[in-house]
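Each reported figure results from applying straightforward, stated rules to the coordinates on display, with no laboratory input. This is a predicted model, so every value here is computed, not measured. With ideal geometry, Cβ positions are generated from the backbone for all residues, glycine too; neighbour counts draw on all protein chains shown.
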Amino acid sequence: MTRQFNVLVIDDEPPLRSVLRTSLSARGFVVEEAGSGELALEIIPQRAFDIILLDINMPGMGGLEACRRIRTLTPHIGIVMVTVRDAERDVVRALDAGADDYITKPFRFGELVARMHAVLRRRDPGEAPVAALQAGNLEIDFERRVLRRAGKVVHLTPTEFELLALLMKNQGMPLTHARLLNSIWGPEYREQLEYLRSYVRALRKKIEDDPSRPKYILTEPWLGYRFHNPSQNDAIDSQQ
């Protein structure tokens, strides 16, 4: 990392907080802990945190309510929700409450750090809007509305371009079906899941080496889609 990031771990289990503090500190993070959502809300206005790890299941104020209040207090802070369940309802509720991403216990530490870095990259206020992005052999030019694959222009319909652009701008982040449908087609399409799936299938045929085993547009089961940048794997591996 080029700079130290401040992280607040909010969990009611002291052993887990201790493990996360030790492991994240070893990666260069500056770590503080809170054993409840109530305590976290007292700490957050007094510190400049970059990202928060928030347990969804806590006594007293639950993680979802804490997430909503934290998002109100600090709209630009990164929030990763930690849950013991991977049910569709829990994940959708976490993202709707304002979480940027989620991870399910038990989790691999490397995966947690990768997701934290994705959130930090996305929410860095010092980053100027980019005119183009590259991921693997894909390069998208937002201003000229052109996609190139291995240097060759790929023809996309206007809707396909908008969908891919939204996914790539949020690479590494899970985007729910409802958010994608609402953003690209409008609120009246929020329930048209098969409509979205048909466009994802069309995009995969144009950008994936093997559409049946996609490496760019990944399915988040029961939830939505996540754009994966394979170029980030090397950067993450070099930090482990």
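When only alpha carbons of the chain are considered, Rg and Dmax amount to 18.5, 56 Å.
For residue 157, neighbours were defined as the other residues whose beta-carbon sits under 14 Å from its Cβ, and their charges (Lys and Arg +1, Asp and Glu -1) total +2. Taking the longest Cα principal axis of the chain as reference, the axis of helix 109-123 is set at about 70 degrees. For residue 78, the residues whose modelled amide H falls within less than 5 Å of its own, excluding neighbours fewer than 5 places apart on the same chain, are 51, 52. What number in nm² do you get for the range 100-223 if you take the convex hull of its Cα atoms and divide its surface by four? Here the figure is 8.7 nm², rounded to one decimal.
Could you work out the mean projected area of the convex hull around the alpha carbons of the range 12-70, in square nanometres to one decimal? Don't skip to the answer; put the middle values down first.
Values: hull surface 15.6 nm².
With the hull built on Cα positions only, its mean projection is 3.9 nm².
Based on the reciprocal of the average 1/r between different C-alpha atoms, the Kirkwood radius for the range 61-106 equals 10.6 Å. Compared with the alpha-carbon gap, the fully stretched path from residue 213 to residue 137 is longer by 25.7 nm at 0.36 nm per residue. Sorting 43, 103, 70 by the number of Cβ atoms found within 10 Å of their own Cβ, with the fewest placed first, yields 43, 103, 70. Computed over the chain with a Gaussian network model linking Cα atoms closer than 10 Å, the most mobile of 166, 203, 39 is 39.
Within the chain, count lysine pairs with alpha carbon atoms under 19 angstrom apart where the residues are 8 or more positions apart or belong to different chains. Summing the qualifying lysine pairs gives 7. Taking every DSSP beta bridge that has both ends in the chain, the antiparallel portion is near 50%. Taking the Cα centre of the chain as reference, the dipole from Cβ charges on Lys and Arg (+1) and Asp and Glu (-1) amounts to some 680 debye. Cα-based values for the range 176-215, radius of gyration first and Dmax second, are 11.3, 33 Å.
Each residue of the range 92-100 was assigned a 3J(HN,Hα) from its phi angle through the Karplus expression (A = 6.51, B = -1.76, C = 1.60, θ = phi - 60°), giving 4, 5, 5, 5, 5, 6, x, 5, 7 Hz with x at Gly and Pro. Of the residues 147, 35, 98, the one whose Cα sits farthest toward the positive end of the charge dipole of the chain, with +1 on the Cβ of Lys and Arg and -1 on the Cβ of Asp and Glu, is 147. Taking only the Cα atoms of the range 1-112, the ratio Rg/Rh comes out at 0.93, with Rh defined as the Kirkwood radius.
Sparsely packed loop sites in the range 1-49 (the trypsin sites (Lys or Arg not before Pro) outside DSSP H, G, I, E and B with at most 13 other Cβ atoms within 10 Å) comprise 3, 47.
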